[in-house]
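The structure appears below as C-alpha cells.
Rule-based calculations on the coordinates, nothing more; no lab input. Note that the structure is predicted; figures quoted are calculated from it, not measured. All Cβ positions, even for glycine, are placed from backbone atoms using ideal geometry, and neighbour counts span all protein chains on display.
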Amino acid sequence: MTDLVFSSECLNCGSKMGEVRALGLAMEGGSIYCPKCKEHHNYHIFKSEMILKRVSVPVGYTGQTERKFYPLEKMSKRKVSITFDVILPISTSPPGEVYIYIAGNFNNWDSCDRKLNRKDDVLANTTIESLEGESLEYKYTLGSWKTVERKSDGSDMKNRTLDVVYGKNGCMEIKDTVERWSDVKCSLCGAIKSVSQMKFITEKSQGHEKYEWLWFCEGTCWPHRGKVVGSRKGQGCPYWTEGTCKIPPGFPCSLEKGSYLSCYVYRSK
C-alpha cells in the first residue's frame, strides 16, 4: 500500500514543519519539531487522518492547540491573501505622474495588469489572492517591460520568488524594495535617460488592444508630444512623401522612419 503523506504546520507560529508519512492502517504516532518556535508537537494517525497537538501550552493561551490534517492528495488548498508593501526608488515620479505595476506567473506576466496603490512618493502596495503551496515569481514595472525594475547598478535582476503558506490566519505580508527602474529611450530624440528625467503618454498599438508607453525628455521633447500620425510606409504622415522623410530641419527625431511602431512623428500640442 502507498504511504499517506501529511503536511504539518506549527500550531503556534504557522510555519511548515515538514511532512509526515504513514500507512494509516493502525494507530501510529510520533513527534515533530518546529525549528522556529523550538517547540515539539505530538501527532497520531488513524484511518487516514492525522491529529496534531501542541505539547506545551502556555497559561492563558487561547489559540489553537489541536488540529486535524488530511493526506495531501485529499486536502484542498486554502486561499491566502498576500499584501505586497513596496519601497520605491526616490527617482520614481510622484503619484499621478507614473503608476507602479506587479507582473508575475499569477497574471500571465502582464506588465500593466495589476496596479499598485501609491501611498506617497516612495511607498506603494497591493493585495492579491493565491493558494497555499503555490510558488510565485514576479517583478515590478512602470507599465511595460521597457521600464521593469533592475539592480542598483542597472543590470538585469532575477525574478522575485515567493512560496505561499497559509500561516496562522491565511495572510502574508511581503516587504520589497525596488532599487532602480530601467532607463528609457525618448520617442523623439532617442536619448536614453532615467525615468525621473522623462514623462510619458500612452498610445494604443495599431491593430492591438495593448497600449504603447511613449517616453519624452522632460522640458525639451515633452512640449512636442502629440498624437501619433505616422503609419506603415508613412501613410498619413505629413513629413513622409515619395518614400522620403522630410522632417523640417531641427525637428528632434533620430529614429528609423516608415512604420507605425518605429516612426513616431508628432504634431505640436
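Computed values, structure above
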{"item": "Assigned charges on the beta-carbon of Lys, Arg, Asp, Glu; the stretch 1-138 dipole about Cα centre (debye)", "result": "540 debye"}
{"item": "Cut-off 11 Å, label 7 Å out along Cα→Cβ of VAL122, residues of the stretch 67-110 by amide N", "result": "87-92"}
{"item": "Rotationally averaged projected area of the stretch 117-186 (alpha carbon convex hull; nm²)", "result": "6.0 nm²"}
{"item": "Order by protection proxy (mean Cβ within 10 Å, highest first), peptides 153-160, 178-185", "result": "178-185, 153-160"}
{"item": "Packing-based exposure ordering (other Cβ within 10 Å, fewest first) of VAL55, VAL122", "result": "VAL55, VAL122"}
{"item": "Proxy reagent accessibility, fewest Cβ within 10 Å first, across CYS34, CYS13", "result": "CYS13, CYS34"}
{"item": "Per-residue HN-Hα couplings for the stretch 151-168 [Karplus 6.51, -1.76, 1.60; θ = phi - 60°; Hz; x = Gly/Pro]", "result": "5, 4, 8, x, 7, 5, 10, 5, 4, 6, 10, 8, 9, 7, 10, 6, x, 7"}
{"item": "Stokes-Einstein D (µm²/s) once Rh is taken as the Kirkwood radius of the stretch 4-69 over alpha-carbon pairs, at 20 °C in 1.002 mPa s", "result": "177 µm²/s"}
